[in-house]
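Visitor: Take this structure, written in structure tokens, and hold onto it; I'll ask about it next.
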Amino acid sequence: MATQEYLNKVTIGKVSELSGCIELKEYNPEWTALYEAERQKIDNALNRDGIVIEHVGSTSVPGLCAKPIIDVLLLVKDSSDEGSYVPELEKAGYVMRIRESDWYGHRMLKGIEPEVNLHVFSIDCDEAQRMIDFRDWLRTHEDDRNLYAETKRRLARKKWKYLQDYADAKSEVVYKILKHMSISKI
């Protein structure tokens, strides 16, 4: 679990506490259209070749329940070179919220309408590829998609101080599914 100290270190602005349980919604096909609008907005803001934009997270997996937050993965040449992408994204309405320099150089910006988590990594980042592979696996493996959904529903009923605590609690099932993925490649 992420500690209060760690969250304070990596969060830009105030660390938000949850006011209730996690709200999960059944899969909504409109999430794809919301992502596409965000993809276009990001593409227009950065207006350059050499970036990759992907829909990731639970809203990108048909049939999977999710928090109604669109997770977008943005791969740039160097995520630590914030000056090369953050100002343009801020002009487009995103707000820088997380800087995890020691964790794959991860940055996260928030979008408001719709609610978006824009995850930024450098091109060829192992963690970014894992996110894409995990999404693709859940799209095509119903048993693991159902296992993940059941786990999310169970954990969402619990009280969490921070959203990160809920995300961390899903780690066990994520690792189990990643193991299934690696076994299938043998």
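Visitor: Modelled label-to-label distance, Asn8 and Asp136, 7 Å Cα→beta-carbon offset: nm?
Guide: 4.2
Visitor: Could you check the simple spin-label distance between Glu23 and Val95, using points 7 Å along Cα→Cβ, in nm with one decimal?
Guide: A separation of 1.7 nm, rounded to one decimal place.
Visitor: When the chain is fully extended, how far beyond the present Cα-Cα distance does Lys161 get from Glu36, taking 0.36 nm per residue of separation? Walk me through the numbers before you get to the answer.
Guide: Details: separation 125, 0.36 × 125 = 45.00 nm, distance 3.18 nm.
Additional length available on full extension: 41.8 nm.
Visitor: Starting from the Cα of Lys91, draw a straight line to each of the lysines and keep only those under 27 Å, dropping any in the same chain fewer than 8 residues away.
Guide: By straight Cα distance, Lys91 reaches Lys9, Lys14, Lys41, Lys67, Lys77, Lys110.
Visitor: Okay, next question. Sorted from largest to smallest, which semi-axis lengths in Å does the alpha carbon gyration tensor of the range 89-159 give for its equivalent ellipsoid, taking the root of 5 times each eigenvalue?
Guide: Working: eigenvalues 135, 64, 31 Å².
Listed largest to smallest, the semi-axes of the range 89-159 are 26, 18, 12 Å.
Visitor: Among Gly105, Trp31, Tyr85, whose Cα lies farthest out toward the positive end of the dipole of the range 1-152, if unit charges sit on the beta carbon of Lys, Arg (+1) and Asp, Glu (-1)?
Guide: Tyr85
Visitor: While we're looking at this one, here's another question. At 7 Å along Cα-to-Cβ for each site, give me the label-to-label distance between Tyr175 and Asp78 in nm.
Guide: Rounded to a tenth, the inter-label distance reads 3.4 nm.
Visitor: In Å², what does the accessible area per residue of the chain work out to with a 1.4 Å probe?
Guide: Ligands and nucleic acids excluded, the figure is 55 Å² per residue.
Visitor: So how far, in whole Å, is the C-alpha centre of the range 1-41 from the one of the range 105-147?
Guide: Taking the Cα centre of the range 105-147 as reference, the centre of the range 1-41 is 12 Å away.
Visitor: Based solely on its DSSP helices, what 222 nm [θ] is calculated for the chain when runs of n ≥ 4 H residues each add -39,500 (n - 2.57) and the sum is averaged over all residues, nearest 500 deg cm²/dmol? Walk me through the numbers before you get to the answer.
Guide: Numbers: 7 runs with 81 residues, N = 186.
Taking each H run of at least 4 residues, the total per residue is -13500 deg cm²/dmol.
The values are calculated or read from the model by the stated rules, or taken from the named source; none is laboratory data. Values in this document were obtained by computation on a predicted structure and should not be read as measured data. A quick note on method: Cβ atoms are made from the backbone with ideal geometry, for glycine too, and the neighbour counts reach across all protein chains shown. Heavy atoms of the whole protein, side chains included, go into the accessibility calculation; ligands, DNA and RNA do not. Shrake-Rupley method; radii C 1.70, N 1.55, O 1.52, S 1.80 Å.
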